[in-house]
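Readers should treat all values here as calculations from the given coordinates under stated rules, not as data from a laboratory. What you see is a predicted model, and the numbers here were worked out from it, not measured in a lab. Methodologically, a virtual Cβ is constructed for each residue, glycine included, from the backbone with ideal geometry; neighbour enumeration extends over all protein chains shown.
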């Protein structure tokens, strides 16, 4: 099953976007967005994974012949996580403001009120 | 709702098909195409950093991390501005009814008080050992912010209103971002390039080694602690405001 991680990433993306489209609550929508974004973690990490590879932490106890998983994509995943955290923080703050102003967190009703 | 669901299902199926088609050409799982070993060993040889993930984050991609840190800084600022908007009115509304705030369960207070110390120590450990083992500024910073949140959970409203921590976490956030920028300028001054390593590299595996990497890690740790704590306290503040309704 060498394609399974890629299929998982695709599934997470599709299911997250499905949740965003059909969402009836802004908080639910934000969480669905994080699910969609989780697909990028799976994709990045599985691109850099090496079967039997060690964590890329090179200490004196690691044998010189050992192979490592790719540290570059792991660093990229770290960036990805931080960006997701910031996006969620700002979106949730906007959700609170929207709820205060319109008295509802249903995205469909928000559109009707502002239009 | 119905037509939207149908369109969404069709579009997402097409999208999933496209994604599967495009990732089909990627390297088979378990055999990365890049030369990960060479990158890892070269980082250890040239930069004396044991944790090569942080070697990438704070050295090879240090400029990207500067941008990433500033994104976090601005997000903290942005959500604070958004959440503080209109706070003044609500506070006055609430002054009318002097109801006692809901009491925290004793068990939560005790558990919170017991956990604060270990969580903070672990957070500091993770921040300062980022170049030696798993962890680093981002990870440890979130732990430290969680430790701060435990103080609120244990003491709740009393501590929150008396300590008024927002100014402090704002200072932490700004000084962390500033420290990172200063190290970047330091590289410019001493080495001719921004974020150039101008500190002695030391022995790989020592706490004081790897040049600017642990310094940047600590700067990021302070910044992430401040930003996360700022965001969490602003949301907590909203909860407390709404608690009286």
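Numbers at a glance
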{"read-out": "Convex hull (Cα only) mean projected area of the protein assembly as shown, reported in nm² to one decimal", "value": "22.4"}
{"read-out": "Inter-part distance where segment A:1-34 and segment B:184-232 are each reduced to a Cα centre, Å", "value": "36"}
{"read-out": "Virtual spin-label span in nm between residue B:22 and residue A:99, 7 Å along Cα→Cβ", "value": "3.5"}
{"read-out": "Average partner coverage of B:40-51, which counts Cβ from other chains inside 10 Å", "value": "3"}
{"read-out": "Average partner coverage of B:18-25, which counts Cβ from other chains inside 10 Å", "value": "4"}
{"read-out": "Efficiency of FRET between residue B:35 and residue A:8 - r from beta-carbon atoms, R0 22 angstrom, step 0.05", "value": "0.25"}
{"read-out": "Full-extension gain in nm, residue B:81 to residue B:107, via 0.36 nm per residue minus C-alpha separation", "value": "5.9 nm"}
{"read-out": "Which of A:84, B:173, B:68, A:109 has the fewest Cβ neighbours within 10 Å, and the rest in rising order", "value": "A:109, A:84, B:68, B:173"}
{"read-out": "Cβ-based exposure ranking for B:59, A:106, B:35, in which fewest neighbours within 10 Å come first", "value": "B:35, A:106, B:59"}
{"read-out": "Helix-derived mean residue ellipticity, 222 nm - over the protein assembly as shown, DSSP H n ≥ 4, -39500 (n - 2.57), to 500", "value": "-24500 deg cm²/dmol"}
{"read-out": "Pair residue B:178, residue B:235: separation of 7 Å Cα→Cβ label points (nm)", "value": "2.8"}
{"read-out": "Fewest-first sequence of B:237, B:37, A:70 by Cβ atoms within 10 Å of each Cβ", "value": "B:237, B:37, A:70"}
{"read-out": "Distance in nm between pseudo-label sites at residue A:110 and residue A:59 (7 Å out along the Cβ direction from Cα)", "value": "4.7"}
{"read-out": "All Cα pairs of chain A, percent lying beyond 25 Å", "value": "42"}
